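The structure appears right after this line, and notes come after that.
The values are calculated or read from the model by the stated rules, or taken from the named source; none is laboratory data. As the structure is a computational prediction, the values presented were derived from the model and not from experiment. Cβ placement follows ideal geometry from the backbone for every residue including glycine, while neighbour counts extend to all protein chains displayed. Just the protein is used for accessible areas: all its heavy atoms, side chains included, with ligands, DNA and RNA removed. Shrake-Rupley method; radii C 1.70, N 1.55, O 1.52, S 1.80 Å.
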Amino acid sequence: MDLSIIIPSFNEKESLPELISWIERVVKANSYSYEVIIVDDGSTDGSWKTIESLSAGYSNIHGIQFRRNYGKSAALFCGFAKAEGDVVFTMDADLQDSPDEIPEMYRMVKEEEWDVVSGWKKIRKDNKLTKNLPSKLYNATARKITGIKLHDMNCGLKAYRKEVVKNIEVYGEMHRYIPYLAKNAGFNRITEKPVAHQKRKFGKSKFGIERFFNGFLDLLSLWFLSTFGKKPMHFFGYSGILMFFIGFVMTLWIIIAKLVRQNSGLHYRAVTDQPLFYLALLAVILGVMLFLAGFIGEMISRSSSNRNSYNIKSTV
């Protein structure tokens, strides 16, 4: 099969028939063998009946229905597990992503051998104040932390080599960072393509401004796990030793200064009367706690069932 198209959907009943019809025109014009997997993420507007109707009318349309709303990451995870196409596309259900981009993105994966082709909504049709500016700040931060030079990491329109989606795990709200997950799994050929962005035709956006704050926290979590997930002592151990050393030096300084002034007959304060002593004591305690946290984390990591889980590209 040439391609699989995964469409997470939450209360997008009005958009789905038009989107499927659009996809059908594009794939038939290019003679692709394909499947469309629509994941109904606990919709309450009757979307599942629409999906059932579409599935009955098109042999290539499949549906997955969640009992409640789990989020986009869960929808993509289930879609990736079911996908069988050589190239896997993800696309939002709100008609803002254009299926006309499929042929070129497919060609980039198959002929230019990119692992991930991410859409870049270079000219957005969203509200500039609530979407464009926060999006630019978010993407600039993501580029800095991940090292992946994408202008629009959160774009819903993406194309993946099949091996990519079968070797990553999308969970929580990590759908925003699938290119980073792919990079951490060893798929480094990641690029982007400017894509057409449509104005929302039906309904309203399901995401508010809070997604940028949540996204930043998720990015920090993902960075920490990918960097120190299997070696927590490298983070907590170094931090603990540094904190302990600072506290020890401060304590030593206070004691030596007190002894020098005492031997010189100068006025001096008792060590325990100095606020700096308690800051030094706090630093020592924090240092010990951080070191122990790293030690416990290391034991948990070494006991993990996937501690020796690696993505093997090929063998001979």
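Brief remarks follow.
- At a probe radius of 1.4 angstrom, the accessible area of the chain per residue rounds to 55 square angstrom.
- For the chain, diffusion coefficient by Stokes-Einstein and Kirkwood Rh (Cα), 20 °C, 1.002 mPa s, µm²/s: 94 µm²/s
- Counting DSSP beta bridges with both ends in the chain, the antiparallel % (nearest 5): 30 percent
- Subtracting the Cα-Cα distance of Tyr70 and Tyr171 from their residue separation scaled by 0.36 nm leaves 35.3 nm.
- Computed label-point distance, nm, for sites Trp253 and Leu279 using a 7 Å Cα→Cβ extension: 0.8 nm
- Under 18 Å from the Lys28 label point (7 Å along Cα→beta-carbon), backbone N, the range 80-109: 99-103
- Between Ala74, Gly172, Tyr238, the Cα set farthest toward the positive side of the dipole of the chain (charges on each charged residue's Cβ, about the Cα centre) is that of Tyr238.
- For the chain, the Cβ-based charge dipole about the Cα centre amounts to some 1080 debye (Lys, Arg positive; Asp, Glu negative; other atoms uncharged).
- Top of Gln198, Gln262, Gln96 by mean-square fluctuation, Gaussian network on the chain, Cα under 10 Å: Gln262
- Theoretical FRET efficiency, 1/(1+(r/R0)^6), r = Cβ-Cβ of Phe202 and Phe228, R0 45 Å, to 0.05: 0.55
- Between helix 72-82 and the chain: long-axis angle, C-alpha atoms, 0 to 90°, nearest 10: 60 degrees
- Sequence of Met91, Met233 from largest to smallest accessible area, 1.4 Å probe: Met233, Met91
- Accessible area of Ser43 in the full protein assembly, 1.4 Å probe (Å², nearest 10): 30 Å²
- Expressed as a whole percent, the accessible area of the chain that falls on carbon and sulfur atoms is 59 (1.4 Å probe).
- Computed from Cα atoms, the angle from the helix 133-146 axis to the main principal axis of the chain rounds to 70 degrees.
- 0 to 90° range, to nearest 10: angle between helix 275-303 axis and the chain longest Cα axis: 40 degrees
- Among the listed pairs Lys110/Lys149; Lys110/Lys158; Lys110/Lys162; Lys166/Lys193; Lys49/Lys158; Lys162/Lys183, those whose Cα-Cα separation exceeds 18 Å are Lys110/Lys149; Lys166/Lys193; Lys49/Lys158.
- Its DSSP H runs of at least 4 residues, each contributing -39,500 (n - 2.57), put the calculated 222 nm mean residue ellipticity of the chain at -15500 deg cm²/dmol, to the nearest 500.
- A Förster radius of 22 Å, combined with the Cβ-Cβ distance separating Val271 from Tyr238, puts the computed FRET efficiency at roughly 0.15.
- Taking GluC sites (Glu not before Pro) across the range 18-70, none is in a DSSP loop with at most 11 further Cβ atoms lying within 10 angstrom of its Cβ.
- Centre separation in Å (Cα based) which lies between the range 4-49 and the range 153-194: 21 Å
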